[in-house]
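These notes concern the structure reproduced below.
The values are calculated or read from the model by the stated rules, or taken from the named source; none is laboratory data. The structure presented is a predicted model; accordingly, all values stated were derived computationally and were not measured. Cβ atoms come from the backbone with ideal geometry, glycine included; neighbour counts cover every protein chain shown.
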Amino acid sequence: MHMEILLKVLYAGITTGAIYAAVAVGFNVIYRSGRVFNIAQGEMVMIGTFLMVALINSGVPPWGAMVLAAFGMATIGLLVERIVLRKLVGQSEMALFMATLGILLVLNGLGHILFGPEPQLFPELFGRGRWRVAGVNMKISVLYGAVVIVLLILALAWFFKHTRIGLLMTAVAESHQTARSLGVNVRASIAVSWAVSGVISTIAAAAFMGGRMVSPDIASIAFVAMPVVLLAGLETIGGVLIGGIIVGIGQAASARWLDPLTEGGASLVFPFALMLLILMIRPQGLFGWKTIERI
Amino acid sequence: MQETGSEMKSRNKDKTAAPDDALLVAKNLEVRYQGSILVLKNVSFSVAEGEIVALLGSNGAGKSTTLKAISSLIQSEEGQVTEGTITYAGHRIENDDPVRTVRRGIVQVMEGRRALEHMSVEQNLLVASAVTGMGKAETRAKIDEVFDLFPVLAEYRNRQSGYLSGGQQQMMVIGRALMTRPRLLLLDEPSLGLSPLLVSTIFNAVVRINREHGTSVLVVEQNARVALKHSDRGYVLENGRIVMEGSRDELLGNEDLQEFYLGIGASGSKKNFRDVKQYRRRRRWVG
């Protein structure tokens, strides 16, 4: 019986953690390629989700809708870079952050205008089947989603570590001006990262929204994913998987054992309490870049 | 009797200055920040193919701005060449895209070293080669060239560059610049904060790069003695204007330069340019 409860907690924690990791990796791809902390990442997921819903509702087959939505999100990412961020290359991180705050507000408003405030059903892409393993009821679509996200994150981590373009994008994250002095195209790096982040947002939506009612408020998932970003560190890609699993399992365990004692509050507070703790002990996160001060 | 700066400047136009078809020619350059703050005014200079040229001057004279105007890095500081021209290998390059400038063969090593701190020494070198689209074999050969020039870097090739010493970082960023196959190397204060021995190592390497690869060098320095020792010609920049130019020997023998930049007064006493009022320097140099 105890084993069954433990497995349930692990299943819930790992699959929830994968959702957080999917959102968190969108943050990190953009930060890792341009030193831009994109606070509008949740809005990117929301727009990706509703693009897919709109395409499916208009008769496009689900897989086709996912591909088209991915292209659409990549285009939105490129437009954001072209219209908003291009002029800010070389400016302070705060200036870039404030620009993404503006993007958040605009995309959020657009989401409400274009898709309306009413919740809509996101169709199941991976079917409705379930597996029962050691007494735990597992949704196949959620397991598929988690596998897709893990593979996607590992592929991105490999890309940044082993490819020429990944190396150049990392140089941009270190310093816009130094990268420019070496002839690295900083604008292109930022543009590519936003396009990739747009595609990731679509894949995250496809992987985890199946069978759920979605409204523009799903953008708030970015705030729950924030502790994962900070725990893993802003510059890591593969590290978000570990960050996601820690936060996910911690939250599931809080829900199982502490929520009954705290009227359901513990699981809500856990990620943010963890976030504060990380900021105090290790501000760069588990795998982030430590600032090197020369005295 | 010693020449004044203005006399030397006019004479040099005929004898020592590089010709107008030099690799780099800046003519009547005017640079402003934010469209209004005038930093360089009517600055003209040149760097011939295979030459090492020193650009000397005190803090705030406009030396770094001059380099950034050439490399176009000034644009991200809201600066712009508002008048005059910069011609490199026959192409006008003022206010060009910095990426294109590097591809043309100009690379700037910025002041303060600017290592990509979280990357290893080798990754720093690879970033620069990746930009040029170099093949694997050539990249390997270039890296070996850099390690031959600065053997200490080979020892630390896998070390995170942020944890190198200041001197090692300076070597690395010069080596990194070489990975872009430059025809013109712009060096901004390479001696800053380094011991005399390291400064000598760095400048000897610069001379070696110049001799072995024919790379032209424009070096900005406050350490006039070291810079001139290793240069063919030099210019002195004061308050955004060129006030003196000449060959190495002419500048080293100039009384004003000795007094204000080498710290040797006419009477043998050491004197710094800061001890002399601006109007007196201008009177001597501009005439």
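Odds and ends about this structure:
- Of the residues in the stretch A:272-285, at least one is without any contact (Cβ under 8 Å) to a residue 12 or more places away in the chain, within 21 Å of B:Glu117 (Cβ to Cβ) and more than 14 Å from chain B (Cβ to nearest Cβ).
- Some residue of the stretch A:224-239 being touching a residue at least 12 places away in the same chain (Cβ under 8 Å) and over 19 Å from the mean Cα position of the chain (by Cα): no
- A:Ile113 meets each of the listed conditions (1) in a loop (DSSP other than H, G, I, E, B); (2) exposed (fewer than 12 other Cβ atoms within 10 Å of the Cβ) apart from (1).
- Residues located in the stretch A:245-266, provided they are closer than 11 Å to A:Val224 by Cα and small (Gly, Ala, Ser): A:Gly248
- Qualifying residue in the stretch A:211-219 (condition: of a type in the set (Asp, Glu) and in a loop (DSSP other than H, G, I, E, B)): no
- Selection of the stretch A:249-280 for residues being closer than 16 Å to A:Leu6 by Cβ and over 20 Å from the mean Cα position of the chain (by Cα) yields A:Ala253, A:Ser254, A:Ala255, A:Arg256, A:Trp257, A:Leu258.
- Set side by side, the residues A:Met46, A:Met73, A:Met66, A:Met98 differ, and just one is more than 14 Å from every other protein chain (Cβ to nearest Cβ), assigned to a helix (DSSP H, G or I) and more than 26 Å from A:Met213 (Cα to Cα), which is A:Met98.
- Taken over the stretch B:65-95, residues that are within 12 Å of chain A (Cβ to nearest Cβ) and either more than 17 Å from B:Leu237 (Cβ to Cβ) or assigned to a helix (DSSP H, G or I) (or both) amount to 11.
- The residue pairs whose first member lies in the stretch B:22-45 and is part of a loop (DSSP other than H, G, I, E, B), whose second member is basic (Lys, Arg), and whose beta carbons are closer than 7 Å, counting only pairs six or more residues apart or on different chains, are B:Leu23/B:Arg183.
- Set side by side, the residues A:Leu143, A:Leu105, A:Leu85 differ, and just one is at pLDDT 90 or above and of a type in the set (A, V, I, L, M, F, W, C), which is A:Leu105.
- Residue check for B:Ser191: free of Cβ contacts under 8 Å to residues at least 24 places away in the same chain and more than 9 Å from chain A (Cβ to nearest Cβ): no
- Taken over the stretch B:74-97, the residue count meeting the criterion of being over 13 Å from B:Tyr33 (Cβ atoms) and surrounded by 19 or more Cβ atoms within 10 Å (Cβ to Cβ) is 5.
- Residue list for the stretch B:178-196, filter: surrounded by fewer than 22 Cβ atoms within 10 Å (Cβ to Cβ) and closer than 20 Å to B:Arg225 by Cβ: B:Ser191, B:Leu192, B:Gly193, B:Leu194, B:Ser195, B:Pro196
- Candidates A:Ala155, A:Ala171 - the one that is among the aliphatic types (A, V, I, L, M), out of contact with any Gly (no Cβ under 9 Å at 6 or more places or on another chain) and surrounded by 23 or more Cβ atoms within 10 Å (Cβ to Cβ): A:Ala171
- Set side by side, the residues A:Ser181, A:Ser175 differ, and just one is facing chain B (nearest Cβ under 9 Å), in contact with a strand residue (DSSP E or B) (Cβ under 7 Å, 6 or more places away or on another chain) and either of a type in the set (Gly, Ala, Ser) or in contact (Cβ under 8 Å) with a residue 12 or more places away in the chain (or both), which is A:Ser181.
- For the stretch B:123-165, a tally of residues being within 11 Å of chain A (Cβ to nearest Cβ), part of a helix (DSSP H, G or I) and surrounded by 16 or more Cβ atoms within 10 Å (Cβ to Cβ) returns 13.
- Residue check, B:Asn210 outside any strand (DSSP E or B), within 16 Å of the chain's Cα centre (by Cα) and polar (S, T, N, Q): yes
- Odd one out for B:Gly175, checked against (1) within 14 Å of chain A (Cβ to nearest Cβ); (2) surrounded by fewer than 19 Cβ atoms within 10 Å (Cβ to Cβ); (3) in contact with a helix residue (DSSP H, G or I) (Cβ under 6 Å, 6 or more places away or on another chain): (2)
- Any helices (runs of 4 or more DSSP H) falling wholly within the stretch A:130-204 and containing at least 2 residues that are over 16 Å from the mean Cα position of the chain (by Cα) and within 30 Å of A:Ile56 (Cα to Cα): A:140-162
- Exactly one residue out of B:Arg100, B:Arg104, B:Arg113 is more than 9 Å from chain A (Cβ to nearest Cβ) and out of contact with any Asp or Glu (no Cβ under 9 Å at 6 or more places or on another chain), and it is B:Arg113.
- Identity of the residue in the stretch A:190-218, closer than 30 Å to B:Arg181 by Cβ and surrounded by 24 or more Cβ atoms within 10 Å (Cβ to Cβ), that ends up nearest to the other protein chains (Cβ to nearest Cβ): A:Ile190
- Counting only residues that are in contact (Cβ under 8 Å) with a residue 12 or more places away in the chain and either β-branched (Val, Ile, Thr) or facing another protein chain (nearest Cβ under 10 Å) (or both), the stretch A:146-160 holds 4 of them.
- Some residue of the stretch A:256-275 being among the aliphatic types (A, V, I, L, M) and under 24 Å from A:Ala70 (Cα atoms): no
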